[in-house]
1. Counting pairs of alpha carbon atoms under 8 Å apart in space and at least six apart in sequence, what relative contact order in percent does the range 100-160 give?
2. Restricting attention to the alpha-carbon atoms of the range 97-177, what are Rg (one decimal) and Dmax (integer), both in Å?
3. Please report, in debye to the nearest 20, how large the charge dipole of the chain is about its Cα centre when each Lys and Arg carries +1 at its beta carbon and each Asp and Glu carries -1 there.
4. Compute the FRET efficiency between ASP102 and THR246 as 1/(1 + (r/R0)^6), taking r as their Cβ-Cβ distance and R0 = 25 Å, and round to the nearest 0.05.
5. Please compute the per residue accessible area over the chain with all protein chains in place, 1.4 Å probe, rounded to a whole number of Å².
6. Determine the relative contact order of the range 210-270: mean sequence separation of Cα pairs under 8 Å and six or more apart, normalised by residue count, in whole percent.
7. For a Förster distance of 51 Å, can you work out the FRET efficiency between the beta-carbons of ASP151 and VAL26, rounded to the nearest 0.05?
8. Test of the criteria: in the range 176-279, which GluC sites (Glu not before Pro) are in a DSSP loop and have at most 15 other Cβ atoms within 10 angstrom of their Cβ?
Amino acid sequence: MTAHDRFPDVLGAGVFLDAAAPWLVVFVPLLALTALLLRSPAGAAAALVPLLAWAWVFGSWWAPHSPGASPRAVEPLRLVSQNLFADNASPTATARALVASDADLIAVQEFAGADREPVQRILDRSYRYSEVVGTVALWSRYPTSETVAVDVGLPWHRGLRTEVSTPRGDLTVYVVHLPSIRPGDTTTRERGLSTLSRTLAGDESARVLVAGDFNTPSTDRDWTRLAPGYEEARPSSGPGFTWPATFPLVRLDHILTRGLTATTSTVLRLPGPDHRAIDVTIDLSRS
């Protein structure tokens, strides 16, 4: 739990251990039970060691806190990011729930297949501006411009960059969907992270929002090296796990900021997708 990122990443085993690290605490009761059955006081005391290690590393995730310095934004901008799920059985319900969130910006990933037309039709009725590149898209209450595709290490488009003109000035917004980790193959995902990191580091915009499905948990050994200078909008309470939607085990979806302050961050379960959505409030008055 304390040194999972030093475990050799052989055939992706290290990366999978990174994702599982917060859940290794489930073995502590087994250690305690074994000590009890053996009537071993030393064993019971030893079982406290991994429990304390878990509390030190991950305990703060469950403590309520505000991502920003103040609990309420003076000039709020809400962004909701959702992986729509390619096999979504109820895309219209998902789209209506996104509209009902009343967010200023809606970022979606896996915008493809049979989901595409019904989702676009519903969102277009409520949002005047939209940008679509490949299988990612952004809907906005405010004008968008200069939209381009963003390379995330795949031969097809799963990233975009656009400028959003708000009443409090311009923002640069990215919507990304990084490659997945597969058993025995983490190199494609790692290449996507490195490619995106270079792009973000080289962006000269003063205020940047990055939203999407990174296919990378917060405990991943490569996460801390992503785009220096950017901060994650941390959950206001709890770990903010997003996948799988029915019983989230990891936080694969993230919203990053640079030159902006996130004041609240929550997770939403919308009908249809296999990921939970992230709902973040940005205070545009505190850039």
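The values are calculated or read from the model by the stated rules, or taken from the named source; none is laboratory data. Keep in mind the model is a prediction, meaning the values are calculated, not measured. Here Cβ is always computed from backbone atoms with ideal geometry, including for glycine, and neighbour counts include all displayed protein chains. The protein model used for the area step is the full one, side chains on, heavy atoms only, and it has no ligands, DNA or RNA in it. Shrake-Rupley method; radii C 1.70, N 1.55, O 1.52, S 1.80 Å.
1. Numbers: 89 pairs, mean separation 19.5, N = 61.
So the answer I get is 32 percent.
2. 12.3, 37
3. Working: 26 positive and 29 negative charges, 107 e Å.
So the magnitude is around 520 debye.
4. Values: r = 25 Å, r/R0 = 1.02.
After rounding, the FRET efficiency stands at 0.50.
5. Values: 13280 Å² over 287 residues.
Ligands and nucleic acids excluded, the figure is 46 Å² per residue.
6. Once divided by the residue count of the range 210-270, the mean separation gives 43 percent.
7. Working: r = 39 Å, r/R0 = 0.76.
The pair ASP151/VAL26 has a calculated efficiency of 0.85.
8. On the way: sites: GLU190, GLU204, GLU231, GLU232; in loops: GLU204.
Qualifying residues, ordered by number: GLU204.
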